[in-house]
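Have a look at the structure below, then the notes.
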Amino acid sequence: MITSLAPTYKKEFGDYWVLWYAASNSYSIINSDFKLLLDTYLASETTTAFSSTISNVLNDSDKAQISDTLHNYLESCNNPYTPATTNLAQLDSSHRKISKQYIFDTKNVQIYYSSELVLKTIHPSIAHYCNSSTHKADVTFDIYLQNDDLHLFKDKHLISCVPKSDYHLIQGKFIMQLLCVLHNKVEQDWIGTLHGSTITDGNSSMLFVGKSGKGKSTLCALLAANGFDLLADDVSPLLSKNQHIYYNPLAISLKEGAFNLLQPIVTNFETLPIVEFNTTKGRLKYMPCRLPGKQHYPCHSIILVNYQPDSETKLETVSIKHILETLIEDSWLSPNPKHANQFLNWLNGVTLYQLTYSSTASVVTEISTLFKQAPKTL
């Protein structure tokens with residue numbers, strides 16, 4: 001067979017295997033039975049030899065169908081990964097209509113926006129760091145709309161240019177560049193930016209993942225109001241050097257459905273401005289949180305959040321399939337083989353849970369207990 005189509009890395013997780021294909025930088029989750037067939041297929045010199053190997057249990061039409069299925073699967077997993085290319089557009093400083101400066105600890109960040117609409121793509125989540133300081137900026141970003149394309153520049157160098165409908169890609173690129181500035185890293189230092197929110201107790205951390213509307217951000221806001229610290233909301237950066245999750249300064253993004261629950265719990269919640277930008281997300285509030293004790297922590301658990309009205313609070317182990325199907329969809333993961341291998345090993349070292357909840361008090365107790373059971377770090 002064409003062994004060049006074989007997965008680059010594979011890791012067993014209970015009843016499932018996670019395979020990584022370098023050509024496409026993609027992760028595939030398959031069960032043990034499919035993995036056995038795939039190994040047999042790849043080890044066979046020809047499709048005839050493969051059919052002969054499995055002839056004892058299948059008829060000719062089934063053998064042909066399985067061969068086609070495996071071939072098509074491998075082909076789809078090896079579609080070449082093509083990183084986004086950036087054109088050579090030069091910075092047009094005439095778009096510098098709105099100027100904001102933000103101070104993150106010792107870093108001064110200057111951002112120029114072309115309009116109030118463009119400002120809403122970034123500013124609300126970092127508004128609590130906005131400062132009227134006139135100190136020289138350590139880094140300058142320009143974000144503007146031109147010819148229906150959103151442009152992101154860093155120190156006059158074009159980072160990304162996308163159609164305005166893909167504004168979330170500009171948000172993601174900006175966050176990555178900001179994280180590099182704050183932590184003195186470059187993009188190649190990260191295993192990835194995981195689509196999930198991370199909470200710490202000052203010793204270790206937990207990554208909360210979930211589909212939109214499942215209560216992930218609301219839960220993190222509840223935990224932050226009950227003595228825990230937010231390490232990262234929605235984008236959790238994982239560093240290659242130590243496999244720790246690092247601090248992301250963005251405030252927690254909360255949908256209108258959570259306002260009544262949080263207002264009596266979160267100090268001055270009613271004073272947080274309402275932001276309306278995307279009709280799909282509706283009215284939002286951005287809740288700033290206090291700084292965590294450290295800039296990074298090891299992660300010991302990934303928790304799939306599942307809010308259900310009137311449900312009992314239930315924490316149960318869950319398969320890697322359920323976790324990765326949610327986690328990978330909107331995460332950025334490095335195409336570097338070293339990082340892919342580290343990611344699989346990191347996943348193998350964390351405990352996977354699903355959390356179903358509706359009660360505020362009981363879910364805080366459940367998470368507190370789980371943190372107490374976590375191994376202590378130095």
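Please return the ranges of strands (runs of 3 or more DSSP E) entirely within segment 218-316 where 2 or more residues are under 27 Å from residue 192 (Cα atoms).
Ranges flagged: 229-232, 235-239, 252-255, 283-287, 299-307.
Across segment 1-52, what is the total count of residues that are outside any strand (DSSP E or B) and among the hydroxyl-bearing types (Ser, Thr, Tyr)?
We begin by selecting, within segment 1-52, every residue outside any strand (DSSP E or B); these are 1-8, 14-15, 22-25, 32-52.
Narrowing further to those that are among the hydroxyl-bearing types (Ser, Thr, Tyr): 3-4, 8, 24, 32, 40-41, 44, 46-48, 51-52.
So the answer is 13.
A quick yes/no check of all residues on (1) open to solvent by 70 Å² or more (accessible area, probe 1.4 Å); (2) at pLDDT 95 or above:
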position: 13; (1), (2): no, yes
position: 22; (1), (2): no, yes
position: 30; (1), (2): no, yes
position: 43; (1), (2): yes, no
position: 56; (1), (2): yes, no
position: 66; (1), (2): no, no
position: 71; (1), (2): no, no
position: 82; (1), (2): yes, no
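When only residues in segment 12-34 that are under 21 Å from the mean Cα position of the chain (by Cα) and touching a residue at least 60 places away in the same chain (Cβ under 8 Å) count, which is nearest to residue 341 (Cα to Cα)?
Within segment 12-34, the match that is nearest to residue 341 (Cα to Cα) is 20.
Just to check your reading of the model, which residue among 335, 375 is open to solvent by less than 80 Å² (accessible area, probe 1.4 Å), assigned to a loop (DSSP other than H, G, I, E, B) and either more than 30 Å from residue 23 (Cβ to Cβ) or in contact (Cβ under 8 Å) with a residue 40 or more places away in the chain (or both)?
That would be 335, the only listed residue that is open to solvent by less than 80 Å² (accessible area, probe 1.4 Å), assigned to a loop (DSSP other than H, G, I, E, B) and either more than 30 Å from residue 23 (Cβ to Cβ) or in contact (Cβ under 8 Å) with a residue 40 or more places away in the chain (or both).
For residue 88, all conditions in the list (1) in a strand (DSSP E or B); (2) aliphatic (A, V, I, L, M); (3) open to solvent by 70 Å² or more (accessible area, probe 1.4 Å) hold save one; what is the number of the exception?
Tallying (1) in a strand (DSSP E or B); (2) aliphatic (A, V, I, L, M); (3) open to solvent by 70 Å² or more (accessible area, probe 1.4 Å), residue 88 fails exactly one: (1).
Would you be able to tell me the number of residues in segment 338-369 that are among the aliphatic types (A, V, I, L, M), open to solvent by 10 Å² or more (accessible area, probe 1.4 Å) and under 24 Å from residue 211 (Cβ atoms)?
The qualifying residues number 3.
Is it the case that segment 351-358 has a residue that's closer than 30 Å to residue 180 by Cα and either among the hydrophobic types (A, V, I, L, M, F, W, C) or part of a loop (DSSP other than H, G, I, E, B) (or both)?
yes
The values are calculated or read from the model by the stated rules, or taken from the named source; none is laboratory data. What you are looking at is a predicted structure, and each value in this text was computed from that prediction instead of being measured. As a convention, Cβ positions derive from the backbone with ideal geometry for all residues, glycine included, and neighbour counts pool all protein chains shown. Protein only, heavy atoms only, side chains kept; ligands, DNA and RNA dropped before computing areas. Shrake-Rupley method; radii C 1.70, N 1.55, O 1.52, S 1.80 Å.
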